[in-house]
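Report on the following structure.
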Amino acid sequence: MSIYDTLNPMQQEAVFQTEGPVLILAGAGSGKTRVLTHRTAYLIEEMDVQPYHILAITFTNKAAGEMRERIDKLVGPGSEGVWVSTFHSACVRILRRYMDRLGMENNFTIYDADDQKVLIKDICKRLEIDTKLYKERTFLQAISSAKDELISAEQYLKNALLAGDYIQRKQGEVYLEYQKMLKKNNAVDFDDLIGRTVELFLAEPEVLDQYQSRFRYIMVDEYQDTNTAQFRLIQLLAGKYRNLCVVGDDDQSIYKFRGANIYNILNYEKEFPDAKVIRLEQNYRSTQTILDAANSVIAHNQERKPKTLWTANEAGDKVDFQQFDTGFEEAEYVVRDIAASVKEVGGAYGDCAVLYRTNAQSRLFEERLVLSGIPYKVVGGVNFYARKEIKDLLCYLKTIDNGFDDLAVRRVINVPKRGIGATTLARVQTFANEQEISFYQALTLAEEIGTLGRASAKIKPFVAFIESLREKAPYCSVTELLSGIIEETGYVKELAAEGTDEANARMENIDELISKTTAYEAKCQSEGTRASLSGFLEEVALVADIDSLEEGSDYVVLMTLHGAKGLEFPRVYLAGLEDGVFPSYMTIVSDDPMDLEEERRLCYVGITRAMKHLTITGAKCRMVRGETQYHKVSRFVGEIPRELLGHAPRKEKPSRTMANPNFSFQQAKEAFHSKTAYTAAEPVNFGSGVNAGSLSYGVGDRVSHLKFGEGTVANIVSGGRDYEVTVDFDKVGVKKMFAAFAKLKKL
């Protein structure tokens, strides 16, 4: 029996269609990775394509690793010739060979988010930009968005001047200086990895031709998540042979905020009119009831390619819908149900995932899980490599690898403390700027900097230390190099002397970093490649947050819906399904209908994470930024047929009971167990209220709010100096606010 006989008919068609442009619309849980790996095997075994002529690209290291493992298993010896890579890793490999063609050294550093923030902060200071008015984060977002669209700093600034936009002009000035500093530091950011590779291909036709001839068959996974720069990269690589197979699901395009362009997949046939379109609609993950719920919700989107998921699995349980008075009660129910599923049904904590729209929603669930003694993990928290002790040691390694990286050098020059003050560092930087050399090069010339005086003697040992490590680097392993840094700096000794739990945890993190270098070297040995300091730093820089999800551990997973994409769990709790929370308020009032459609796709992703059981929850009121907000049931719940729901949403006005924001968590807990409802300071009644003569409106009047739109005044209560006004807004539900701040206008 052939390995291809195990595929369903549509999967077989996708595997056997090897020539020309192909668009595989792969619904959630339809086995797209299986199709890609079998397609690779088919090209090699049946079409006699050399492995090195195949390029398979995906987005995360985890997905690339899984694909590599499956291809190796299917094909056997020789499969290592296939390039299985993320976009960024593929571009790093190309730029390591040819970056010198673009006027930079090939041993460039890759800046992470923290490095970028430090650089932007320094630029804003030099350009005398008030970061209280214009946040560094805003500049970074503008620069990243521009790079996603392949807009250079020069073009961005030119566009800003033509538009007469002051803020955009400031962003352009920062962008221009940012690129100059990156080049000076012989560094790139993540967006540059793609953009610089496109720039290389356009500037050096012979280099492009080399890679076009190398990659005659290209496959791209998660194509719906590609941005303009990634699309252009793939378009260039596939330009010669046109054997481009893209796999994706427009219904799971949820990364617009990261620059993803859904029209790359929606308009694929316009770019390639002769493209073959294949739909994978058989789902192997979920029950039919869960799929029917997902199909019903996503069908309300207009901008999509029609597809309907189905399964040979059982119909399964109905979707459990629960609405509660407060967010606290919602968390209580979810945690209680998780405990019951483990103790009574015999499941595992690791089978359960609580998914929510924003990170802020995790707090109540965390508190309830702690009190219940249930193990859990919040996925998407502080990344291992962003912790201080890890950043310090990595910056030592970066300094050894690339002396042009000013940020790395400045971070570790006083780690441990060497008595080198801010004034000394400023004088070194001034000298470096005047001589147009790197900060580290200026340090090596400290004795020639007349303004330093005796301070140069404090710099000399640091330079000698770095130079000694550089001499050792080619002849010792990364692990030995790291151990030498730890020993010579006394980093761990200082932590041990503290004797605190925090210091112990940091020492454990350092032990884990050493384990990482050892694992990296073992992997290189098994693959027959040379372990290097540059290679290790590249691997660290390319690690994604989602890759930190441990496997085989028995704990409840808490994560955002964006983080859950690509994962699956037997039991899923989809929390906070309320208009104004999910979908978010901003998408409800947005003038662009595509914003709400993306929110609906996010809901579709959440529903299709569930394998056996799906619970959807919501609260009638919850605390947001210290305010009690009342919400209607999410419109997405209303889009699920009532016969699929275990508990249909009740059509009633929101309850007026709530958890007082001034009460502690313990008081709220006691209130729950005693069934006591805490109410507002004065009763809130829809039927009557104080018609304040000083206000231009009264109960029952139609009013408008600058942010929330139009609504009906439900109640007015005297609060002493001001009136507390409750308004039932048409789009976002019930809100309570003080009249002086609300500035409502009577219609």
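The values are calculated or read from the model by the stated rules, or taken from the named source; none is laboratory data. Here the structure is a predicted model, which means the values were calculated and not measured. Methodologically, a virtual Cβ is constructed for each residue, glycine included, from the backbone with ideal geometry; neighbour enumeration extends over all protein chains shown. Only protein heavy atoms, including side chains, enter the accessible area calculation; ligands, DNA and RNA are left aside. Shrake-Rupley method; radii C 1.70, N 1.55, O 1.52, S 1.80 Å.
At-a-glance table
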read-out	value
LEU162 touching a helix residue (DSSP H, G or I) at 6+ places or on another chain (Cβ under 7 Å), assigned to a helix (DSSP H, G or I) and without any contact (Cβ under 8 Å) to a residue 60 or more places away in the chain	no
The stretch 73-89, subset free of Cβ contacts under 8 Å to residues at least 40 places away in the same chain and in contact with a Ser or Thr (Cβ under 9 Å, 6 or more places away or on another chain), residue most open to solvent (accessible area, probe 1.4 Å)	LYS73
Out of LEU119, LEU202, sole residue that is in contact (Cβ under 8 Å) with a residue 60 or more places away in the chain and assigned to a helix (DSSP H, G or I)	LEU119
Test result for GLN224, more than 11 Å from LEU55 (Cβ to Cβ) and touching a helix residue (DSSP H, G or I) at 6+ places or on another chain (Cβ under 8 Å)	yes
Single residue of ARG93, ARG97, ARG70 found to be of a type outside the set (Ser, Thr, Tyr), in contact with a Lys or Arg (Cβ under 9 Å, 6 or more places away or on another chain), free of Cβ contacts under 8 Å to residues at least 60 places away in the same chain and not in a loop (DSSP other than H, G, I, E, B)	ARG70
Residue within the stretch 445-454 that is assigned to a helix (DSSP H, G or I), open to solvent by 20 Å² or more (accessible area, probe 1.4 Å), within 21 Å of ILE123 (Cβ to Cβ) and modelled with pLDDT of 85 or more present	no
Conditions (1) modelled with pLDDT under 95; (2) of a type in the set (Lys, Arg); (3) farther than 22 Å from LEU567 by Cα: number failed by LYS276	(1)
Residue check for ALA496: within 25 Å of THR517 (Cβ to Cβ) and modelled with pLDDT under 90	yes
Residue within the stretch 541-548 that is at pLDDT 90 or above and touching a strand residue (DSSP E or B) at 6+ places or on another chain (Cβ under 9 Å) present	no
Among (1) on the phi > 0 side of the Ramachandran plot; (2) in contact with an Asp or Glu (Cβ under 8 Å, 6 or more places away or on another chain) - the single one GLN116 does not satisfy	(1)
Some residue of the stretch 301-315 being in contact with a Gly (Cβ under 9 Å, 6 or more places away or on another chain) and of a type in the set (Lys, Arg)	yes
Matching entry among ALA339, ALA312, ALA348 (being free of Cβ contacts under 8 Å to residues at least 60 places away in the same chain and over 19 Å from LEU291 (Cα atoms))	ALA339
Some residue of the stretch 248-264 being assigned to a strand (DSSP E or B), open to solvent by less than 10 Å² (accessible area, probe 1.4 Å) and not polar (S, T, N, Q)	yes
Selection within the stretch 205-222 - within 29 Å of LEU25 (Cα to Cα) and in contact (Cβ under 8 Å) with a residue 60 or more places away in the chain	TYR211, ARG214, PHE215, ARG216, TYR217, ILE218, MET219, VAL220, ASP221, GLU222
The one condition in (1) closer than 24 Å to MET181 by Cα; (2) part of a helix (DSSP H, G or I); (3) at pLDDT below 85; (4) not charged (D, E, K, R) that GLN441 fails to fulfil	(3)
Residue list for the stretch 44-67, restricted to those being without any contact (Cβ under 8 Å) to a residue 60 or more places away in the chain and outside any helix (DSSP H, G or I)	GLU46, MET47, ASP48, GLN50
Residue pairs meeting the criteria (Cβ under 9 Å; at least 6 apart or on separate chains; first touching a residue at least 40 places away in the same chain (Cβ under 8 Å), in the stretch 506-525; second open to solvent by less than 50 Å² (accessible area, probe 1.4 Å) and outside any helix (DSSP H, G or I))	THR517/SER477; THR517/ALA531; TYR520/ALA531; GLU521/SER477; GLU521/ALA531
In the stretch 296-330, the residues that are open to solvent by 40 Å² or more (accessible area, probe 1.4 Å) and not in a loop (DSSP other than H, G, I, E, B)	TRP310, ASP325, GLU329
Candidates ASN185, ASN107 - the one that is polar (S, T, N, Q) and surrounded by fewer than 18 Cβ atoms within 10 Å (Cβ to Cβ)	ASN107
Identity of the residue in the stretch 411-438, part of a loop (DSSP other than H, G, I, E, B), modelled with pLDDT of 90 or more and not polar (S, T, N, Q), that ends up most open to solvent (accessible area, probe 1.4 Å)	ILE437
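Matching residues to (1) of a type in the set (A, V, I, L, M, F, W, C); (2) touching a Ser or Thr at 6+ places or on another chain (Cβ under 7 Å):
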| site | (1), (2) |
| --- | --- |
| ASP148 | no, yes |
| ILE151 | yes, no |
| GLN171 | no, no |
| GLU177 | no, no |
| ASN186 | no, yes |
| GLU204 | no, no |
| GLN210 | no, no |
| SER213 | no, no |
| GLN235 | no, no |
